[in-house]
Amino acid sequence: MHRSAFTVLLLLSCSAIAKERLYTPPRLDTGQPDMQGVWVASNSTPLQRPPGFTTLVIDEAQAAKLLALLTTRAEDRSTPTEPTEYFEAFSIEPIRGELRSSLIVDPPDGRIPGNDLYKQQIGPAMASVLSAMDGPEQRPAPERCLASTTTQPPILSIANGVNLHQIVQTADSFVFVSEFIGAARIVRLSSQRLPTVLSSWLGDSIARWEGDVLVVETRGFPENDRLRLAPPERFLVSPQTVVTERFERVAADRIDYTFVVDDPTYFTQPWTGESHFLRRDEQMLEYACHEANYSLIHILEGARERERQAGQQSAR
C-alpha cells in the first residue's frame, strides 16, 4: 500500500475515534447492544511482532515495510503452498487509531511468552505437520475442515479471503458464525458450564455483559488439537487454556475485539491482543470445505510418494 494511503487511513481512523467517544450503540428489545450483522476480520497486522520492529506503534514507513514482509512470506515458494492469487489482499489496519507491529500488546515485546515446555514442543508440533502422513487423524484441524483460527478463539485473520463472520443475538445466547468451515460458536449468556462437555473443537463458551461490553470466556479445548495455525503464525493450546474475549461496538461499522490467552502449561504469563471487526454489507456464502471429504486421501498419497522418491534418491 502506498504511503499516502496509510496517511489517509490513519487520519480517518483518528477522526473516527473522536466520533466513537460519542457513539451509543443501537439496542435490542432485551437492552443488549445490537452487534448483529456480517463483519469481517480483514486486519493483517501479525499476531507477534516480527524481528526488526522494536515498538508496538509504528509509522507509515514501518507499516509499508511490514506489509512488504507479509507479501514476501506469502510468495515464498520454498515449500508447497497455495497460490497468492487465492489470497485476500494484505492490509495493515489502524488499531484504536494506531498503526501497530503486532496484535499482541502484552507482553510489551509483542511476543508469545512461551515457557520452556512451549519452546520444546512448538518445533516438533510444526515438524509433525510436514511429516505426519500415516492417517487423517494426524493432520491439523483446518486441513480436515474441522476448525481454524477464524472460528476458534482467539479469532485471527487468515490470508485466503474467507474472514467474514455473522453475529446473531438472542436474550440468552450470542452466536458467532464464521464463513470459513461454516462453524457456529454458540456462546451462552450464563455462568454455568456444560457438565457433560469435556472438550470441543470450539471450546465451551459462556459470557456476561459488563456494561456494553460482551465478555466471553472459553475453555475445554481438546488435547488432540493443540497446534493453532494462521500462517505465518502458530502457537499451542491445551485443555487448560482459557481464552477471554471482549467485544464492544464502538461505531456503526466497528466492533473492538480484545483477547487474553492464559495457560500456565505453556506460557509464563497471560498474553493480550487487540484487533477489530469491520461491518460488511454483504451476504455470507457457503464455504464448501471439500478437503476432509475428497482431497485428504490425495494429500496423504502425494506426501507418501514424495517420501518414497526422496528415499530412492538418497539410496543411489
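The values are calculated or read from the model by the stated rules, or taken from the named source; none is laboratory data. Since the structure is predicted, the reported quantities are computational estimates derived from the model, not experimental observations. Methodologically, a virtual Cβ is constructed for each residue, glycine included, from the backbone with ideal geometry; neighbour enumeration extends over all protein chains shown.
Here are the numbers for this structure:
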{"item": "Residues being closer than 26 Å to residue 120 by Cα and buried (at least 18 other Cβ atoms within 10 Å of the Cβ) - total across the range 239-249", "result": "3"}
{"item": "Members of the range 171-191 that are more than 19 Å from the chain's Cα centre (by Cα) and either touching a residue at least 60 places away in the same chain (Cβ under 8 Å) or at positive phi (or both)", "result": "171"}
{"item": "Where residue 120 falls short, out of the listed (1) in a loop (DSSP other than H, G, I, E, B); (2) closer than 28 Å to residue 300 by Cβ", "result": "(1)"}
{"item": "Whichever residue in the range 215-235 is in a strand (DSSP E or B), touching a helix residue (DSSP H, G or I) at 6+ places or on another chain (Cβ under 7 Å) and of a type outside the set (D, E, K, R) and, among such residues, is farthest from residue 258 (Cα to Cα)", "result": "227"}
{"item": "Looking only at the range 155-202, and only at residues there that are over 24 Å from residue 33 (Cβ atoms), in a loop (DSSP other than H, G, I, E, B) and of a type outside the set (A, V, I, L, M, F, W, C), the one that is modelled with the lowest pLDDT", "result": "196"}
{"item": "Options 249, 228, 219, 308: the member that is free of Cβ contacts under 8 Å to residues at least 24 places away in the same chain and of a type in the set (Lys, Arg)", "result": "308"}
{"item": "Subset of the range 238-282 [in contact with a helix residue (DSSP H, G or I) (Cβ under 7 Å, 6 or more places away or on another chain) and either small (Gly, Ala, Ser) or assigned to a strand (DSSP E or B) (or both)]", "result": "250, 251, 267"}
{"item": "Residues of the range 207-220 classified as under 28 Å from residue 281 (Cα atoms) and buried (at least 18 other Cβ atoms within 10 Å of the Cβ), total", "result": "3"}
{"item": "Of the criteria (1) surrounded by 19 or more Cβ atoms within 10 Å (Cβ to Cβ); (2) closer than 15 Å to residue 234 by Cβ, which one residue 174 fails", "result": "(2)"}
{"item": "Any hit, the range 183-199, residues being small (Gly, Ala, Ser), surrounded by fewer than 18 Cβ atoms within 10 Å (Cβ to Cβ) and within 24 Å of residue 266 (Cα to Cα)", "result": "yes"}
